[in-house]
Amino acid sequence: MSTSYSPEQFDVMACARSNARLTSMMTRDADGAALTRFFSRLETEASDPQGLATVSWAVQTELRPGADGQPQPWLHLEAEAGIRMTCQRCLTAADVRVTADRWFRFVTDEATAAVEDDESDEDVLALEPRFNLVQLVEDELLMAMPLVPMHTACPVEVPTSAGEEEFQAVLEARPSPFEALAQLKTAR
Ligand SMILES: [Zn+2]
């Protein structure tokens, strides 16, 4: 396959006709400038300016017959980013792996996309002659970001844990209102 596809001006229909597969792998060390250019919104989610370490993605396209029998382009996106964020438990840096895996189907116009998107498991988008695939990759990764980033196991002693344990102990020691009521009743 000699055809080259630009991920920023992506011809979904042409790719799907040839079952094209596109892949990209960028690392901070090798492609720092490109990472900043393509994924600036992801970079702002990192805890430091160099915190977006890697972004890689693979896209597989294909045609499938639609409800009207006409071929529709489908696109399977798998994406992954390595990004340094601040752990919300111990407040030190945590290297977080963010992944996205989603199917998209393309229809002829926005109105059809809006109606069919609600009824479909896959995401339904309107077919554009020049589609920005990189933006889609970034959108999906942003949506997959953890709301509360955390280490699986924090590397440092969490300073608030002792306080939390004491608080929990106080809660457990205090009788519930129902227990207090029961004691009151038996006392009578
Ligand atoms: Zn932590």
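Over the stretch 77-161, the alpha carbon radius of gyration divided by the compact-protein estimate 2.2 N^0.38 Å works out to 1.52. Across the stretch 111-138, the residues whose backbone nitrogen lies under 19 Å from the label position 7 Å along the beta-carbon direction of R64 are 112-128. Using 0.36 nm per residue and subtracting the Cα-Cα separation, the extra length available between Q9 and T27 on full extension is 4.3 nm. Phi angles across the stretch 36-51 convert, under the Karplus curve 6.51 cos²θ - 1.76 cosθ + 1.60 with θ = phi - 60°, into 3J(HN,Hα) values of 5, 5, 7, 10, 5, 5, 5, 4, 5, 7, 6, 7, 8, x, 9, x Hz, Gly and Pro given as x. Amide H contacts of A94: M85, T86, C87, each under 5 Å away and 5 or more positions distant or on a separate chain (H built 1.01 Å from N in the peptide plane; Pro and chain starts excluded). In order along the stretch 57-68, the Karplus-derived 3J(HN,Hα) couplings, from 6.51 cos²θ - 1.76 cosθ + 1.60 at θ = phi - 60°, round to 8, 9, 10, 10, 10, 7, 9, 9, x, x, 4, 8 Hz, and Gly and Pro are given as x.
Summarised in one figure, the compactness ratio Rg/Rh of the stretch 12-153, Cα atoms and Kirkwood Rh, is 1.05. Taking amide H atoms as placed 1.01 Å from N in the peptide plane, the amide H of F131 lies under 5 Å from those of F10, D11, V12, each 5 or more residues away in sequence or on another chain. Spacing of the modelled spin labels on D117 and S40, each 7 Å from Cα toward Cβ, amounts to 2.4 nm. Ratio to report: Rg/Rh of the stretch 1-72, with Cα atoms as the point set and Rh obtained by the Kirkwood method; give two decimals. Here the Rg-to-Rh quotient is 1.13. Panel order for M150, M25, by other beta carbons found within 10 Å of each beta carbon, from fewest to most: M25, M150.
Bear in mind that the values in this text are calculations on the coordinates, not laboratory data. Every value quoted in this text rests on a predicted model; they were computed, and no experiment measured them. Here Cβ is always computed from backbone atoms with ideal geometry, including for glycine, and neighbour counts include all displayed protein chains.
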